[in-house]
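Notes follow once the structure below has been shown.
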Amino acid sequence: MKRHSVLLILILITYIEIIANVRVLSIGISEYPESSGWNKINAHNDVELIKTLFPNASSLENAVATNSEIKHQLKTLAKNVIQGDTVIFHFSGHGQQIITQASPEEADGVDEALVPYNAGKRKTTSYHGQNHLTDDVFGNAIDKLRRAVGGKGLVIVLLDACHSDSMDKDVDVSKEIYRGTDEIFGAEKMPDEKIASLREAYHNQDITALSGSTDMGNVVYISACRSDQRNYEVSVDGKGYGSLTYYFCESYRNKGLSDLHVLLSELYSGMANDKTLKFHGQLPAIRNTIGWEAPSKTTSNVGNGSGRMSGATNDTDRSSYQTVIWSIIAAGLILIFIALWITKKRKK
């Protein structure tokens, strides 16, 4: 009897280790300081929407969402995750290009940056961009998360911000809200020709491939728009939402994470067919290590949730894999309980 009990405990421990958590960090900045130059957006609605699907999500909003606190939360997240976890990082706020701090002579010339609460829109005598969260720093933090969740883990990055175009809300002309700015931080005194060449060189970096490794989890970066587009908000029942947040939550509600290819295709299709986004030509930018590709313009099945796949058509989705394992373990537990019950009956 003891032997059966020990076996049962070992199986239960294995089962607990196999069950991976979905951990979510949601950041929303609706109101920046007046002195920052950034205007108000509906990021709070985005955080609320994320929390309807992930009630245990950690969140930072407005004044709490500073550069240092965001980086601290990312470090804490990397310490607390376990092998096989799925991590979703969600940012809803402003985005901006910034003259690269590492090397002014780099080919692209500018960095992509998220705008925390304490980051100003323009360079001043007291602010030099130190609170912008640049892609280099952010990318390193995401790579640490990928290593922490291991080869069977997954990191999804949702960036509901614009990184190159204007988001100013002109209340006298339009009720549409769009995020970002056409001003490159640190380029205030540059001639128009130089700024144009920076943007062209930067746009050419969009196709940069993501690195994969057996000791790092897969990663999916989803931006609300390409670097040369505006990120418009969508209005649903009179409430404004970030376009990416809304369609990700809709796709997750319908498809879950059991098949990432299907989820990404539905998200892409939803945004591509949204009337507001379609009018402005806005499309999400999705880079990933799972082999998913956006449908080409000639693909006829854009709206049916299929999307082209390359290099990963034989990959087994980790969630599907876990479902099979859980089913096997559940069946094993049932058999053990039956065996224990029969043994007990025979002894009587």
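Computed from the coordinates by the stated procedures, all read-outs in this text should not be read as laboratory data. The model shown is predicted, which means the values in this text are computed figures rather than measured ones. Don't worry about glycine lacking a Cβ; one is built from the backbone with ideal geometry, like all the others, and counts go over all protein chains shown.
Taking Lys and Arg as +1 and Asp and Glu as -1, the other residues whose beta-carbon sits under 15 Å from that of LEU77 total +4. Phi-derived couplings, Karplus 6.51 cos²θ - 1.76 cosθ + 1.60 at θ = phi - 60°, listed residue by residue for the stretch 280-292: 8, x, 7, 10, x, 10, 10, 10, 7, 10, 9, x, 7 Hz, with x used for Gly and Pro.
For the set LYS123/LYS144; LYS79/LYS255; LYS79/LYS152; LYS40/LYS239, the pairs lying more than 20 angstrom apart at their alpha carbons are LYS123/LYS144; LYS79/LYS255. Sequence-ordered 3J(HN,Hα) estimates for the stretch 147-162 from the Karplus curve with 6.51, -1.76 and 1.60 and θ = phi - 60° stand at 5, 5, 7, x, x, 9, x, 8, 10, 10, 10, 10, 10, 8, 8, 9 Hz, glycine and proline given as x. Annotation: amide H of VAL220 within the under-5 Å range of VAL155, ILE156, VAL157, sequence separation 5 or more or interchain, hydrogens built in the peptide plane. Proximity of backbone amide H atoms, modeled 1.01 Å from N, is registered between ASN118 and ASN67 at under 5 Å, excluding neighbours fewer than 5 places apart on the same chain. Residues of the stretch 254-276 falling in the label zone of VAL22, defined by backbone nitrogen less than 20 Å from a point 7 Å along Cα to beta-carbon, are 254-271. Each residue of the stretch 231-244 is assigned a 3J(HN,Hα), and the resulting list reads 9, 8, 7, 10, 10, 10, 6, x, 10, x, 9, x, 4, 5 Hz, derived from the Karplus form 6.51 cos²θ - 1.76 cosθ + 1.60 (θ = phi - 60°), x at Gly and Pro. For SER59, the residues whose modelled amide H falls within less than 5 Å of its own, excluding neighbours fewer than 5 places apart on the same chain, are SER26.
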